[in-house]
Structure formats: structure tokens, C-alpha cells
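Trainee: This is the structure I want to talk about, given as C-alpha cells.
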Amino acid sequence: MTSSNEIGVQAKAMHGNVAPILNEVMHAIDRLLDDGIPTTIDLASLPFAPGELDELEAALGTGELSARLDALGTSRIRETAYPGVWWIEHRNVNDEVAGRYLEVTRLPEILSSQDADIMAGRARLQEQFGKASSGRKTT
């Protein structure tokens, strides 16, 4: 029987899913830059071997931006060492991982304010300060 060292396999080499995911991230960056199309990779749907998820996280590193969202559990959103590549993890109220994603986008969707929320905030602001709307277009 031939050992893995005899056939040139290195123990430190990236395991099964890590290299293909990194390759997909590179293609997703190209799509974002060329066509403005964001990509989401659902990491929870992939069959990681023990240690692979940690290996992927280490390979992507940590960037400058991070955010925490508390709504029906905690969501942690952080930019990786590669701008436009975001590691997003959602946890439920029991602190169990409910979702884990890589988003290749300029700004993760979860951080974008929704129109309904913006309108509700504007209404509260108007109510609190009693200011009438001036020059606002309605659709």
C-alpha cells in the first residue's frame, strides 16, 4: 500500500471542500465586479469534514468591518480579509448555529435597511418632532 506521503499528498494541504469553495469565491468576486451580481454560498448545506470549516475560516481571515445583529438570536456579520467577501453566521435564541453563509457582495443584504423600516422610522421622526414633510416624492 502506498502512503499519502509517497504520492505527494501533504498533510497540510487544503481538504476536500476548502479549495473548491475558495475557487467559487474567486468566481463570485469576478461576477460581482463584472456584472454587479452578488453570490451567497450556504456553508451549512455543504458536507464539511472535521476541521474543514475552521480551515476555510482561517484561509479567508478577518477584515476590518464587523457587525452584530440581535433579533431572534444573534447574527454575526464580518468582512473577511478579502473586501466584498463576508462571513455571516446566524444563531438562534439557544445560541445554536441556525445558518452560516459566505456572501460575496458590496454590502450584506441583512445590513440593508428595508423600505418599510425606513418609512416607519420617518413616520416616528415626524411624529416625535412634529415637522411636516417638505418636497418628499411619493410613489
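Trainee: Quickly run through the stretch 33-50 and pick out the residues that are buried (at least 16 other Cβ atoms within 10 Å of the Cβ) and among the β-branched types (Val, Ile, Thr). Spell out the reasoning first.
Mentor: Quick first cut of the stretch 33-50, residues buried (at least 16 other Cβ atoms within 10 Å of the Cβ) only: 38-39, 41, 43, 48.
The answer is Thr39, Ile41.
Trainee: When you check Arg31 against the structure, is it farther than 18 Å from Asn17 by Cα, touching an Asp or Glu at 6+ places or on another chain (Cβ under 9 Å) and at pLDDT 95 or above, yes or no?
Mentor: Here the answer is no, as Arg31 does not meet what is asked.
Trainee: May I pose another question? Among the residues of the stretch 68-84, count how many are assigned to a strand (DSSP E or B), in contact with a Ser or Thr (Cβ under 9 Å, 6 or more places away or on another chain) and not acidic (Asp, Glu).
Mentor: Taking the stretch 68-84 first, the residues assigned to a strand (DSSP E or B) are 68-70, 74-79.
Pick out the ones that are also in contact with a Ser or Thr (Cβ under 9 Å, 6 or more places away or on another chain) and you get 68-69, 76-79.
Applying the additional criterion that residues be not acidic (Asp, Glu) yields 68-69, 76-78.
Going through the stretch 68-84 one residue at a time, the tally reaches 5.
Trainee: Sort out which residues of the stretch 95-118 are more than 20 Å from Leu46 (Cα to Cα), of a type outside the set (Val, Ile, Thr) and under 12 Å from the mean Cα position of the chain (by Cα), and write them in order of number.
Mentor: Arg106, Leu107, Pro108, Glu109, Leu111
Listed here are the residues, each with its yes/no results for (1) touching a residue at least 40 places away in the same chain (Cβ under 8 Å); (2) over 16 Å from Pro108 (Cα atoms); (3) charged (D, E, K, R).
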{"site": "Glu24", "(1), (2), (3)": "no, yes, yes"}
{"site": "Asp30", "(1), (2), (3)": "no, yes, yes"}
{"site": "Ile41", "(1), (2), (3)": "yes, no, no"}
{"site": "Ala49", "(1), (2), (3)": "no, yes, no"}
{"site": "Leu65", "(1), (2), (3)": "no, no, no"}
{"site": "Glu79", "(1), (2), (3)": "no, no, yes"}
{"site": "Tyr82", "(1), (2), (3)": "yes, no, no"}
{"site": "Trp86", "(1), (2), (3)": "no, no, no"}
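Trainee: Separate question: Among residues belonging to the stretch 95-120 that are assigned to a loop (DSSP other than H, G, I, E, B) and without any contact (Cβ under 8 Å) to a residue 12 or more places away in the chain, point out the one that is farthest from Gly36 (Cα to Cα). So that I can check it myself, show each step before the final result.
Mentor: Start the filter on the stretch 95-120 by keeping residues that are assigned to a loop (DSSP other than H, G, I, E, B), which leaves 95-96, 105-108, 112-114.
Okay, now just the ones that are also without any contact (Cβ under 8 Å) to a residue 12 or more places away in the chain, so 96, 107, 112-114.
Numbers: Glu96: 33, Leu107: 12, Ser112: 16, Ser113: 19, Gln114: 20 Å.
Filtering the stretch 95-120 for residues that are assigned to a loop (DSSP other than H, G, I, E, B) and without any contact (Cβ under 8 Å) to a residue 12 or more places away in the chain, the one farthest from Gly36 (Cα to Cα) comes out as Glu96.
Trainee: While we're here: Go through the stretch 67-119 residue by residue and tally those that are among the acidic types (Asp, Glu) and loosely packed, with under 12 Cβ neighbours inside 10 Å. Don't jump to the end; show me each part of the working.
Mentor: Residues of the stretch 67-119 that are among the acidic types (Asp, Glu), as a first pass: 70, 79, 89, 95-96, 103, 109, 115, 117.
When the remaining residues are screened for being loosely packed, with under 12 Cβ neighbours inside 10 Å, the result is 70, 95-96, 115, 117.
Counting residues in the stretch 67-119 that are among the acidic types (Asp, Glu) and loosely packed, with under 12 Cβ neighbours inside 10 Å gives 5.
Trainee: Being more than 11 Å from the chain's Cα centre (by Cα), more than 19 Å from Leu32 (Cα to Cα) and of a type in the set (Gly, Ala, Ser) is the filter here; which residues of the stretch 68-94 pass it?
Mentor: Initial filter on the stretch 68-94 (more than 11 Å from the chain's Cα centre (by Cα)): 68-74, 81-83, 91-94.
So of that shortlist, the ones also more than 19 Å from Leu32 (Cα to Cα) come out as 68-74, 91-94.
Listed by number, the residues that qualify are Ala71, Gly73.
The values are calculated or read from the model by the stated rules, or taken from the named source; none is laboratory data. Computed from a predicted structure; not experimentally measured. Methodologically, a virtual Cβ is constructed for each residue, glycine included, from the backbone with ideal geometry; neighbour enumeration extends over all protein chains shown.
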